[in-house]
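Working notes for the structure below.
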Amino acid sequence: MNSWDAGLAALLACTMGVSLLANALVLLCLLHSADIRRQAPALFTLNLTCGNLLSTVLNMPLTLAGVVAQRQPAGDRLCRLAAFLDTFLATNSMLSMAALSLDRWVAVVFPLSYRAKMRLRDAALMVAYTWLHALAFPAAALALSWLGFHQLYASCTLCSRRADERLRFAVFTGAFHALSFLLSLVVLCCTYLKVLQVARFHCKRIDVITMQTLVLLVDIHPSVRERCLEEQRRRRQRATKKISTFIGTFLLCFAPYVITRLVELSSAAPIGAHWGVLSKCLAYSKAASDPFVYSLLRHQYRKSCREILDRLLDRLLHRRALRSSGFRAADTHSHNILPAPE
């Protein structure tokens with residue numbers, strides 16, 4: 001194994017570690033906080049988190065073993081199962097992000113009727129659709145024997161080894177990425193750009209009211225006026241940064257892998273093996289970034305994390321206090337049973 005392979009293996013191992021810890025923490029927050037669970041987006045987050053955890057514990061280790069061993073890391077049956085899960089979980093992840101963007105669009109565009117339009121039942125129906133949509137393509141690929149180990153990506157995924165099926169497999173792969181990656185990207189862009197437009201409109205109205213108030217307060221200190229203007233600028237930039245993060249991470253993680261798959265089918269030029277594995281690692285890195293982008297940086301999740309940490313610290317301190325009291329009791333008992341000096 002050369003230095004490139006060692007670096008890719010280290011990158012994949014780090015991605016696995018971060019993804020496992022971050023998604024497990026999100027799952028703990030969902031189990032701990034009843035306030036988070038009562039909200040409709042919790043179903044989308046739970047679906048996305050469980051998919052990321054499955055990908056972390058099942059697909060990433062096999063890909064890591066494939067990178068290290070430079071060959072198929074498991075038997076044909078296990079590899080086909082892993083390829084089925086890889087295709088299903090990737091599609092489910094993309095559609096879950098699209099569902100989250102739809103939820104935020106409804107919350108921002110229809111704030112007064114959000115609870116009526118996005119109930120837990122509606123969220124469950126959307127999750128059920130993402131599962132049915134995500135299951136369709138891997139099920140078809142399994143029936144057509146298009147699942148197996150792909151040497152270019154060192155992973156069990158969509159592949160076809162027969163030359164006479166090249167055209168059919170190319171059409172199938174193109175349709176798969178169009179109805180998963182491209183569809184999710186279109187939904188993300190349309191919903192989040194509308195959210196950004198509405199957010200800027202509300203910020204502009206708040207800015208107008210703030211400026212009118214500052215004009216009336218002629219005796220206000222210049223430092224206070226400057227802080228108000230600075231808060232206006234931060235408010236305008238905050239929404240743009242969030243939208244850019246949502247769409248940017250989606251493109252950065254999934255676009256290189258999807259483009260590589262399409263170029264591989266449409267071009268006779270060889271693709272470097274290291275680039276194929278790197279693009280697959282980037283796709284896996286979405287599982288590590290999702291907890292921070294969609295959950296852990298939000299106020300409710302930070303509050304839940306603090307409560308979980310405080311509870312763990314209280315238990316540790318309580319156990320330490322019990323042990324120390326037990327030791328003191330044992331010392332006192334041993335002192336009492338010693339024979340008295342003559």
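Can you bin the range 124-199 into rounded, prolate or oblate? Criterion: square roots of the alpha carbon gyration tensor eigenvalues sorted a ≥ b ≥ c, rounded for a/c under 1.5, prolate for a/b above b/c, oblate for the rest.
Prolate.
If a paramagnetic tag sat 7 Å from the Cα of residue 197 along the Cα-Cβ line, which residues of the range 87-118 would have the backbone N under 18 Å from that point?
Correct set: 101-111.
Taking the convex hull of the Cα atoms, report for the range 72-136 its projected area averaged over all directions, in nm².
5.2
What is the distance, in nm, between label points placed 7 Å from the Cα along the Cα-to-Cβ direction at residue 311 and at residue 144?
My value for the distance between the label points is 4.8 nm.
Please work out the C-alpha center-to-center distance from the range 83-123 to the range 285-319 and express it in whole Å.
Here the two parts' Cα centres lie 23 Å apart.
Treating the Cα atoms of the range 1-86 as identical point scatterers in vacuum, please give the log10 of the normalised Debye intensity I(q)/I(0) at q = 0.14, 0.22, 0.23 Å⁻¹, two decimals.
For the range 1-86 at q = 0.14, 0.22, 0.23 Å⁻¹, log10 I(q)/I(0) is -0.60, -1.01, -1.05.
How would you classify the range 1-154 from its alpha-carbon gyration tensor, with a ≥ b ≥ c the square roots of the eigenvalues: rounded for a/c under 1.5, else prolate if a/b is greater than b/c, otherwise oblate?
The shape class here is prolate.
For a bin width of 10 Å, list the pair-distance distribution of the range 36-99 built from all Cα-Cα distances, rounded to whole %.
Binned Cα distances yield the sequence 21, 43, 24, 11, 2.
Based on the Cα coordinates of the range 283-323, what is the per residue volume of their convex hull in Å³?
Enclosed volume per residue, from the Cα hull, is 60 Å³.
Output wanted: per-residue J couplings in Hz (rounded whole) for the range 105-122, from phi through Karplus 6.51 cos²θ - 1.76 cosθ + 1.60, θ = phi - 60°, x for Gly and Pro.
In residue order, the calculated couplings are 4, 4, 5, 8, 7, 10, x, 6, 10, 5, 5, 7, 8, 10, 8, 4, 5, 5 Hz.
What is the packing order of peptides 111-123, 27-39, taking the mean over residues of other C-beta atoms within 10 Å and listing the highest first?
Ranked by mean Cβ neighbours within 10 Å, highest first: 27-39, 111-123.
Sorted by mean Cβ packing within 10 Å, highest first, what order do the peptides 129-139, 278-288 take?
Going by the mean number of other Cβ atoms within 10 Å, highest first, we get 278-288, 129-139.
Just so you know, all these numbers are worked out from the coordinates, no wet-lab data involved. In this text the structure is predicted, and so the values were computed from the model without any measurement. For neighbour counting, all protein chains shown are included, and Cβ atoms are generated from backbone atoms with ideal geometry for every residue, glycine included.
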